[in-house]
Every structure is written in structure tokens, then in C-alpha cells.
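For reference, the structure is listed below as C-alpha cells.
Computed from the coordinates by the stated procedures, all read-outs in this text should not be read as laboratory data. Predicted, not measured: the structure shown is a model, and the values here were computed from it. Please note: Cβ atoms are built from the backbone with ideal geometry, for glycine as well, and neighbour counts cover all protein chains shown.
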Amino acid sequence: MSELNNIVLKVIGNGKGILAADESTGTMTKRLENVNVESSTQNRLIFRETLFSSESMKNFIGGVILYDETIKQSSSTGKKIPQLISDSNAVPGIKVDTGAKVLAGSPEEKITEGLDGLRERLKEYYKLGARFTKWRAVYIISKDYPSKLSIISNAHALARYAALAQESGMVPIVEPEVLMDGNHTADDCYKKTSEVLKRCFEELILSKVDLKGIILKPNMILPGSNSEQEISSQEIAKLTVKCLKESVPSDVPGIAFLSGGQTEKEATENLNSINKNNNTNFVMTYSYGRALQQSALKFWSKNIQDTKGTQATFNHRAKMCSLAAQGKWSKDIEQQNN
Ligand code: 5MM
């Protein structure tokens, strides 16, 4: 088994998943201001350190995606952040794209940037302790979108990034996120996501990326956030599994979903249903940002000194996600453990 595949299994095997704590400063500022906390370097570090030193890091979190600011910081006890994460037997990872910018030729859409100088930055992140990386492409859905231009250019960038990440000895998380915004149906999401994924894998294969050494981070198949379509978790799961089975080569070891604006409970219930319906060989787990952190952030914002309480809130969410990653979550367990 290759070293990259070993890293993948350490990050997402055994019912574990990924904590996406790679919010850029702009996004983190929005999250903190939303709960009336000042977005200072110190506050961003305190909240993140609180999560990274929680008990769930040992049992439920196999990897943490960091942002450039965080990977270079030290904890209050003087430990480097990547070391704090590895001490719990989780793997430190790093977001390496530099953000989504307006796509020339189709200004409604975005292209993710960050390829210039990437090889050198990857070397630096490896030295800092990162063993996996992340790059996120975003696609909008409407009648005319995503355009062919967006699908082709974002897939190309994802593949060039993934090849460079593997060259540097790190696992690439490939994140093509078809956004939930809009009033489209789940069927529209299914069709557009299939098209996006198929093109991504064509490019990954063309770039000679070892598919056994990547993690795919896709969206679930959902109706748009403004759609009136009623859909059960069971139906979401069936559509999601079918879409991935048809569009993702079977060499890919694992899929770690993004939560994309679902509530914590929705993201947990849907992941659980996906695992109950998983008739593939893919590990299906979580790489959640908001759906792992929301309650903990809310609690912390009102009880900034209460590290244990914040960690208990986070531990609960991480445990529920881990149960869902094994198809063992239920509404009763959610209640009992709360
Ligand atoms: C944690 O948020 C990441 C994005 O941050 P920026 O927009 O500031 O770059 C994001 O890539 C995240 O990893 C995924 O979208 C998953 O997060 P959610 O909240 O959708 O689970």
C-alpha cells in the first residue's frame, strides 16, 4: 500500500472524519462577528486551539484542515499547532488554494487560484507538518450554469494542484463544490454534480494523479436552499450514492462530504442515511466546517472562559458525525447524548 493511501486511511478510516477549520481570515471574521466576538488573531487561535485540544480529536477526528495563519501558530502551552494535532494521533492538513476569483469570460462564475508558486509553498507546508492538502472549486447552479468553461477550467486547476500535492508527498483533498444556492431541484443538482465530477476525474487521470492517494470532498445531492421541493433524507442518500457510484472511479478510497450550509442535524442525518445506503467500496465520511463547529462557536461566544464546556459541545457533534459515518446514528442517540 502506498504511503499516500496510508495517510488517507489514517484520516478517514475507522469512523473518523475531517474537521475543516481552514476558514480564511475573511470568512472566520464573518463567523466570529456573527456571534459578536472580535476577529483578532488571538481570538481565532483560542477558539481553534480549544477544538484541537478536545477529547474528540483522539476518537472522531482523523485530520484537521488548517489555514495558512493557523499552521504557523503555537498554542497557549507553546506547542506548534500541527504538533498539537498530531499528538492526538490526527493528521494536520492545509488549504493551499488562494481563493475563488471572478472567471474571465464568465463573470457570474468563479475560478480557484493558487497554482503559481504552489510547488514551493507545498514544500514549506510539508516541513511545518502537513500531510494532506485541500483545494476547493465552486460552481453555481442555474439554467445556464455551471458553464462548460467553469467545469473545464476548475477541473484542470484541481488536477494540476492534486498532481503537485502528491509530488510533495501529501494527499490532495479534491473539493469540487456545487453550491446549494438557488431554487433548483435535487435532480438538477444530480445532473450538474455528475457533469462536474466526471470532468474532474478525466483531468485527474490525464495529470497522472494516483487515485488511491486522494480524498474526494463533494457536495451531497440536495435541492437548492430556495427550492420548495420536499425531499427525505433517504432520497437524498439514494441520489448521492447513485451519483458518486456513476461518476467516481472505484480506485478512490474515500469520500468526505462538505456540509455546504446544511444545519448540524441535517448534515448528520443525511450522512447517516448515505452510509445506510452505501453499496459502494468508498468510505463515506465528513469533512465539515460549519456542521462541526456551529454549536461549539455559539457556546464559546457566550462562555469564552469555559474551555471544557466548549469542548463538550464540540465532542458531542463530532461523536454524532462519527456515528453517522458508520450508519449508526439515530434521533434517539442524538437526544440521549445531548
Ligand atoms: C471551512 O470553510 C472553508 C472555506 O473557507 P473560505 O471560504 O474562507 O476559503 C471551506 O472550504 C470548507 O472546507 C468547505 O466548504 C466545507 O465547509 P462546510 O462549512 O461547507 O462544511
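The listed peptides 71-82, 12-23, ordered by packing as a protection proxy, come out as 12-23, 71-82 (highest mean of other Cβ atoms within 10 Å first). Here D87 and E108 are evaluated by their C-beta separation; at R0 = 35 Å the FRET efficiency comes out at 0.20. Estimated from the Cβ-Cβ distance and a Förster radius of 25 angstrom, the FRET efficiency linking K123 and K101 is about 0.55. The HN-Hα couplings worked out from phi for segment 251-259 by the Karplus form 6.51 cos²θ - 1.76 cosθ + 1.60 (θ = phi - 60°) are 5, 5, x, x, 10, 10, 6, 8, 8 Hz, whole numbers, x standing for Gly and Pro. You can think of it this way: the chain between N14 and E246 has 81.0 nm of extra reach, that is 0.36 nm per residue less the Cα-Cα gap. Looking at segment 72-185, the pairs of alpha carbons with a distance over 25 Å make up 34% of the total. The label point for T41 and the one for K212, both projected 7 Å from the Cα toward the Cβ, are 4.4 nm apart.
Only Lys, Arg, Asp and Glu carry charge here, each on its Cβ (+1 for the first two, -1 for the last two); on that basis the chain has a dipole of about 780 debye about its Cα centre. Helix-only arithmetic for the chain: the sum of -39500 (n - 2.57) across DSSP H runs with n ≥ 4, divided by the residue total, places the mean residue ellipticity at 222 nm at -15000 deg cm²/dmol.
In a fully extended conformation the segment linking E3 and E195 would gain 66.1 nm over its present Cα-Cα distance, using 0.36 nm per residue. Extension gain for K238-L149 works out to 29.1 nm (0.36 nm per residue, less the C-alpha to C-alpha distance). Distance distribution note for the chain: the fraction of Cα pairs above 35 angstrom is 15%.
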